[in-house]
Amino acid sequence: MNPIPETARRVRENVQKVIVGKDEVINLTLVAVLCEGHVLLEDVPGTGKTTLARALAASLGCSFRRIQFTPDLLPTDVTGLSWFNQREQRFEFRPGPLMTQVVLADEINRATPRTQSALLEAMQERQVTVEGVTRPLPRPFLVLATQNPVELEGTFPLPEAQIDRFLLRVAIGYPSQEEENAILERFRSADPLPNLEAVTAPEEITRLQEARRQVRVEADVRDYIVRVARATREHPEIDLGASPRAALALYQTAQAWAGIEGREYVQPDDVKRMAPYVLTHRLMISPQAQLRGRKPEELVADIVNSVPVPVEE
């Protein structure tokens, strides 16, 4: 029996005690958890990015740390540093906020590229190296980074190597009128976030991640994923297409989405569902296409619709 749907339902309902609506966004963060990937939350201030991260960590029963990225933040402020203990007459390692299970990298593009690069090893290899000593990070490990796509003054754009390490890019968006009314009513007397209790545990999350790997992907669906990724590299309006890491991300997220839906196999529709969130932030659009007003979301939609979908004989 697939254990993923029931746990995903419990986590989703628990997060919705704080976040009104946004089922799709919550499901996408659960996809990242199942893949042990990272999420770039990109939206204007006040839409609930930080609240979502805190509610997710509380629901998962994971340790949580928040890092406020600023221009004067140093890499050692993120990873930790060795300091000399005069009483013991020896060097000791003081862990940074990165040494936790769920990390909120708030306004990540406000830090300098040198500090941003402190996350590269952690996000890919789940470890940090400080002064020649490599230390593993606790598992599961998830980075939720936020950035404001509107305010660009005083920011440092994320390099391609950094962006490619984010499994998904998600925009929360404004709530509907009914949802905004519900938010005002829910927060009328008190903030429900501090009283949010865990509905699962890190050990169970590890088992669910293993269950996700068992979701079946047939050869023709796997070939479909590869053809979609390769089509981004051959598109005339795209200068830099999806990397092999992006193809693997599309494969894993399709498995996770199928698992959340309660299926033990991946359908082409799962790949189509995940493609916009996996691919758009990884593409570099040509200057000519940008002048014509073309956006990555449009190009991904064109590619997904143009690649033939495998059909059952």
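Just so you know, all these numbers are worked out from the coordinates, no wet-lab data involved. Computed from a predicted model, the values in this text were never measured in an experiment. Glycine also receives a Cβ, built like all others from the backbone with ideal geometry; neighbour counts cover every protein chain displayed.
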Output row, site Ser117, 7 Å Cα→C-beta label point, backbone N cut-off 19 Å, window the stretch 78-101, residues 78-81
Which entry is the computed percent of Cα pairs over 35 Å apart for this structure: [x] 28; [y] 22; [z] 15? [y]
I need the fraction of alpha carbon pairs in the stretch 82-186 separated by more than 24 Å, rounded to a whole percent. 42
Here the FRET efficiency for Ile163 versus Arg292, based on Cβ atoms and R0 = 25 Å and rounded to 0.05, is 0.65
Which of Leu120, Leu291 has the fewest other C-beta atoms within 10 Å, and how do the rest follow up to the most? Leu291, Leu120
Loop GluC sites (Glu not before Pro), the stretch 83-117 (other Cβ atoms within 10 Å of the site Cβ: 14 or fewer; DSSP): Glu88
Loop by DSSP (not H, G, I, E, B), at most 14 other beta-carbon atoms within 10 Å: where is the longest site-free stretch of the chain for trypsin sites (Lys or Arg not before Pro)? 189-291
Overall form of the stretch 189-241 per C-alpha gyration tensor (a/c, 1.5; a/b vs b/c): oblate
Counting other C-beta atoms within 10 Å, and keeping those with at most 16, which DSSP coil GluC sites (Glu not before Pro) do you find in the stretch 123-157? Glu131, Glu151, Glu153
Using the Kirkwood radius built from alpha carbon pairs, what does the Stokes-Einstein equation give as D for the stretch 155-313 at 37 °C and 0.692 mPa s, in µm² per second? 181
Which one of Ile303, Ala231, Ala289 has its Cα pushed farthest toward the positive end of the charge dipole of the stretch 224-313, where Lys and Arg give +1 and Asp and Glu give -1 at the Cβ? Ala289
For the stretch 223-293, just say rounded, prolate or oblate: build the C-alpha gyration tensor, square-root its eigenvalues into a ≥ b ≥ c, call rounded for a/c under 1.5, and beyond that prolate if a/b exceeds b/c, oblate if not. prolate
